[in-house]
Amino acid sequence: MFRIIAMSLCILLSVLPAGCGAKSRPLDRLQYWNGFTGPDGNITRPIVEAFEKSSGLRVEVQKMPWSTYFDKLIAAIAAGDPPDVFVLHFSELASYAEMGALLPLNPYLEGDRPLVPREDRITSAWERCYYQGTPYGLPLDVHLLGLYYNKALFDKAGLPYPSATDPLSGDEMLRLAKKLTVDEDDDGVPETWGFTFSGAPFRNFTSLLWQFDGDLLSPDLREPAIASPQGHAALQWMVDCVMKYRVSPRPEGLDTWQYFLQGRVAMFVEGCWVLNGLKRNARFPWGVAPLFQAGSRNAVWATGHVVCMSRTLPPERRANALRLMKHLSDTGVTWSTSGMIPARHSQVEDPAFLQNDLLKPFVSQLGWLRFEPNSPAGIELRDRYEQSVITALVGLAPVDDALNDASDRMARVLAWWGK
Amino acid sequence: MTQRTRPLPRRRASWKRLRNGLFITPYLVLFVVWIVIPAVAGLAISFTNWNIFTGEVGFAGLRNYVRVLDDDLFLRSLLNTIRYTAYSVLAGNAVSLLLACGLARGFRGKTLFQTIFFAPVVLSIGVTGVIWAWLYNGDFGLLNQWLQSLGIPRIHWLSNPHWAMISVVIMVIWAGAGFNMMIYLAGLLNVPRGLYEAAELDGANGWQRFMYITLPLMKYTFAFTITVSTMGAFQVFDQPYILTGGGPDYATYTYVYHIYSNGFRYFRLGYASALSVILALLIFGVVFVQYRLLTRSRTEY
């Protein structure tokens with residue numbers, strides 16, 4: 001019996017890997033993996049269909065929620081069966097590059113005939129596709145924060161709408177938020193809140209930190225710089241909104257745009273990616289403005305999508321994968337209808353793009369974009385300091401203690417990555 | 001009359017062996033492929049600094065195991081997990097048993113209630129997490145509105161570290177109690193009715209019948225449910241991942257969450273494997289002691 005079982009096992013184990021893998025896929029059939037499961041996924045379809053028509057190649061688009069996307073991507077790359085093209089965010093690129101997961105793209109982006117002309121690249125976005133001087137991807141877009149507001153609640157309070165191009169100051173923002181916060185039954189819990197921060201508080205915190213002229217890390221990215229007077233000012237501003245002025249609810253993990261859709265929040269801070277969701281679901285008139293400026297300078301948290309190839313992709317598949325990557329980059333104007341800002345000058349200046357009024361507040365902020373540190377430890381650092389930020393926002397620790405805690409945690413992370 | 005057993009003819013015996021082998025092969029194959037090979041590989045990886053993308057392997061000796069001493073989240077996540085296990089196993093099994101006792105009494109509409117109690121088990125954790133995140137929301141949630149209508153101050157379920165873990169446990173019990181309830185129900189219905197009738201004639205009240213008949217006769221059911229719940233609780237991950245993201249301030253950050261973060265977010269596969277080996281040993285120890293204690297008494301009627 002043992003022999004029978006052993007034999008069955010051997011047969012199965014030898015058969016399992018056969019028939020799988022990027023090598024066995026026909027060369028004219030590409031796989032494109034992304035996390036565009038929202039309205040942005042619908043925009044991907046016509047873009048890919050146009051590619052299929054012009055190239056004669058077939059593309060299987062696999063959309064997965066971002067929460068599970070990376071687990072599958074890592075496994076696929078490690079197994080030597082990567083998708084031909086896949087999407088990362090700027091903030092993930094450094095760690096994937098550091099680990100050797102990505103194919104360097106120097107020959108295609110830095111030669112005499114680069115895939116995308118140098119003069120057409122929006123520098124701040126394209127720089128984020130480099131790690132230690134090597135390019136690893138083509139940016140599809142940048143996406144950044146804006147301030148969404150409920151026009152009906154503004155009308156009810158008799159307040160003028162925020163400008164679509166000039167950011168509110170921190171004081172103006174607070175004044176509006178106080179007037180829009182309504183506690184009709186006076187039970188200490190407003191029926192309508194003035195505004196709420198993004199569901200991921202690190203986006204607000206970093207924006208404010210940079211506005212107050214601070215930073216997360218020292219310029220050489222080796223030391224935490226978060227526990228600074230600037231960090232204090234940024235976090236204190238947020239804490240005051242929640243604890244002192246009571247114009248913003250505590251962050252409790254929910255997608256804050258759902259509060260907004262229910263009419264329970266007059267203004268909320270979120271990225272341009274929610275534009276299409278609001279267009280489809282909001283039952284009231286609404287508008288969008290640039291992120292407010294509470295500190296001494298303008299700054300807004302941003303990231304972007306970048307299309308990459310894996311180092312484990314068989315060489316014979318790379319030419320077609322590059323064609324798809326170039327097509328995705330070339331169709332930035334169509335992609336921008338998903339609420340994203342293209343990463344190429346020609347597309348940002350394209351009349352078809354400029355017609356989209358809802359994107360104007362985001363375009364007006366393009367000079368103030370700030371990105372998280374381009375460090376392989378970036379994701380872990382964010383995980384650590386964001387917990388400290390939340391600790392302060394929910395009143396568990398004074399601002400300085402929370403920042404010192406964040407600094408200690410970040411120092412540990414940096415030490416680990418430095419080993 | 002004695003019956004002589006004749007040995008099977010040789011061909012029939014080998015066919016029987018072949019047939020038995022074929023029956024267990026599918027399970028065994030899956031067991032080896034999904035459990036044995038990954039477990040052995042995990043143990044081996046824990047002594048390396050394996051780069052999952054490039055396949056580079058550097059021998060790390062015991063360094064990954066020593067590193068846990070330098071990792072502030074190792075102890076934090078372990079203690080959180082122990083706390084979660086204690087709450088969820090005790091309260092979860094108590095709720096399941098209570099529901100099963102109620103259903104075992106037999107009443108009109110019993111099947112409907114059975115279905116209602118079991119229904120959350122088939123919901124995906126994603127759906128469960130979103131439902132409960134709304135219920136728990138401190139400012140907009142239904143739970144706080146009910147509390148307030150009863151004159152009880154609202155609770156910040158998910159942003160208060162003391163309540164956050166309890167919130168996770170309540171959600172898990174709601175979602176999973178129906179499963180153990182069915183096992184308890186089967187156990188309860190297997191207890192011979194005659195014993196209850198005899199006890200009743202002897203004047204035993206309901207509590208005494210439960211303590212001296214039901215509990216002892218269901219010890220193997222308890223051993224199974226508690227052991228399986230404990231193993232599951234030590235491996236809790238998706239519930240806090242979806243409901244609280246491990247917060248606030250790592251109050252619901254569990255051990256497997258830590259393994260996941262190290263392995264799949266920070267790409268420290270060697271360290272994550274070492275953490276997994278430690279967890280496996282821990283679970284083995286706890287479950288071994290637990291099972292011995294639970295099945296120690298030899299009550300038979």
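The values are calculated or read from the model by the stated rules, or taken from the named source; none is laboratory data. Source: prediction; values computed, not measured. Positions of Cβ are generated from backbone atoms using ideal geometry, with glycine treated the same way; all protein chains shown enter the neighbour counts.
Observations, loosely collected:
- The lone exception for A:Ala406 - which of (1) in contact with a strand residue (DSSP E or B) (Cβ under 9 Å, 6 or more places away or on another chain); (2) surrounded by fewer than 23 Cβ atoms within 10 Å (Cβ to Cβ); (3) in the same structural domain as A:Lys279 (by TED's automatic domain parsing) it fails: (2)
- Matching residues, region A:81-103, being in contact with a Lys or Arg (Cβ under 8 Å, 6 or more places away or on another chain) and within 14 Å of chain B (Cβ to nearest Cβ): A:Ser91, A:Leu93, A:Gly100, A:Ala101, A:Leu102, A:Leu103
- Here region B:151-174 is the region considered, the condition is being without any contact (Cβ under 8 Å) to a residue 60 or more places away in the chain and away from chain A (no Cβ under 14 Å), and the residue that is surrounded by the most Cβ atoms within 10 Å (Cβ to Cβ) is B:Ile170.
- Considering region B:131-149, the residues that are in contact with a Phe, Trp or Tyr (Cβ under 8 Å, 6 or more places away or on another chain) and of a type in the set (Gly, Ala, Ser) include one that is nearest to A:Pro249 (Cα to Cα), namely B:Gly138.
Quick grid of which residues meet (1) crowded, with 20+ Cβ neighbours inside 10 Å; (2) under 30 Å from A:Gly378 (Cα atoms); (3) modelled with pLDDT of 85 or more:
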residue	(1), (2), (3)
A:Leu16	no, no, no
A:Ser24	no, no, no
A:Glu52	no, no, yes
A:Val59	yes, no, yes
A:Pro82	yes, yes, yes
A:Leu109	yes, yes, yes
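- Flag if B:Gly109 is touching a Gly at 6+ places or on another chain (Cβ under 8 Å) and either free of Cβ contacts under 8 Å to residues at least 60 places away in the same chain or away from chain A (no Cβ under 14 Å) (or both): no
- Screening B:Ile82 on (1) β-branched (Val, Ile, Thr); (2) part of a loop (DSSP other than H, G, I, E, B); (3) more than 14 Å from chain A (Cβ to nearest Cβ) shows it passes everything except condition (2).
- The selection criterion, being at pLDDT below 90 and under 30 Å from B:Leu275 (Cα atoms), holds for B:Val121.
- Helices (runs of 4 or more DSSP H) lying entirely in region B:211-301 (those with 1 or more residues that are touching a strand residue (DSSP E or B) at 6+ places or on another chain (Cβ under 8 Å) and surrounded by 20 or more Cβ atoms within 10 Å (Cβ to Cβ)): B:269-294
- Meets criteria (in contact (Cβ under 8 Å) with a residue 60 or more places away in the chain and not basic (Lys, Arg)) for B:Gly21: no
- Here B:Leu69, B:Leu73, B:Leu103, B:Leu30 are screened, and the one residue that is in contact (Cβ under 8 Å) with a residue 40 or more places away in the chain and either surrounded by fewer than 16 Cβ atoms within 10 Å (Cβ to Cβ) or farther than 30 Å from B:Leu269 by Cα (or both) is B:Leu103.
- Residue match in region A:347-366 (condition: hydrophobic (A, V, I, L, M, F, W, C), away from every other protein chain (no Cβ under 14 Å), free of Cβ contacts under 8 Å to residues at least 12 places away in the same chain and surrounded by fewer than 20 Cβ atoms within 10 Å (Cβ to Cβ)): yes
- Qualifying positions in region A:376-402 - in a helix (DSSP H, G or I), over 24 Å from the mean Cα position of the chain (by Cα) and touching a residue at least 12 places away in the same chain (Cβ under 8 Å): A:Val399, A:Asp400, A:Ala402
- Only one of A:Arg297, A:Arg318 that is basic (Lys, Arg), more than 21 Å from the chain's Cα centre (by Cα) and part of a helix (DSSP H, G or I): A:Arg318
- Matching residues, region A:162-213, being within 12 Å of another protein chain (Cβ to nearest Cβ), in contact with a Pro (Cβ under 7 Å, 6 or more places away or on another chain) and closer than 15 Å to A:Leu235 by Cβ: A:Pro201
- Out of A:Asp141, A:Asp186, A:Asp171, A:Asp166, sole residue that is closer than 27 Å to A:Val333 by Cα and loosely packed, with under 14 Cβ neighbours inside 10 Å: A:Asp166
- Criterion violated by A:Pro114 - all others in (1) surrounded by fewer than 22 Cβ atoms within 10 Å (Cβ to Cβ); (2) touching a residue at least 60 places away in the same chain (Cβ under 8 Å); (3) not in a helix (DSSP H, G or I) satisfied: (2)
- Residue count for region A:247-262, restricted to those that are out of contact with any Pro (no Cβ under 7 Å at 6 or more places or on another chain), within 11 Å of another protein chain (Cβ to nearest Cβ) and assigned to a loop (DSSP other than H, G, I, E, B): 8
- Number of the condition not met by B:Tyr184 [criteria: (1) within 14 Å of chain A (Cβ to nearest Cβ); (2) at pLDDT 90 or above]: (1)
- Residue in region A:232-244 that is surrounded by fewer than 23 Cβ atoms within 10 Å (Cβ to Cβ) and in a loop (DSSP other than H, G, I, E, B) present: no
- Residue selected from region B:47-79 under the condition assigned to a helix (DSSP H, G or I) and among the acidic types (Asp, Glu), by the criterion nearest to the chain's Cα centre (by Cα): B:Asp72
- Evaluation of A:Lys178 against (1) of a type in the set (Lys, Arg); (2) buried (at least 21 other Cβ atoms within 10 Å of the Cβ); (3) more than 22 Å from A:Gly271 (Cβ to Cβ) (one fails), failing number: (2)
- For region A:178-189, the criterion of being at pLDDT 90 or above and over 25 Å from A:Asn281 (Cα atoms) is met by at least one residue.
- Residue within region B:191-208 that is more than 14 Å from every other protein chain (Cβ to nearest Cβ), under 24 Å from the mean Cα position of the chain (by Cα) and not aromatic (Phe, Trp, Tyr) present: no
- Of the candidates A:Ser218, A:Ser169, the single residue that is farther than 19 Å from A:Glu270 by Cβ, without any contact (Cβ under 8 Å) to a residue 60 or more places away in the chain and not acidic (Asp, Glu) is A:Ser218.
- Top-ranked residue in region A:62-75 [being within 11 Å of another protein chain (Cβ to nearest Cβ) and over 16 Å from A:Trp273 (Cβ atoms); ranked as nearest to the chain's Cα centre (by Cα)]: A:Phe70
- Residues satisfying the criterion are absent from region A:68-80 (criterion: buried (at least 19 other Cβ atoms within 10 Å of the Cβ), in contact (Cβ under 8 Å) with a residue 60 or more places away in the chain and either outside any helix (DSSP H, G or I) or among the hydroxyl-bearing types (Ser, Thr, Tyr) (or both)).
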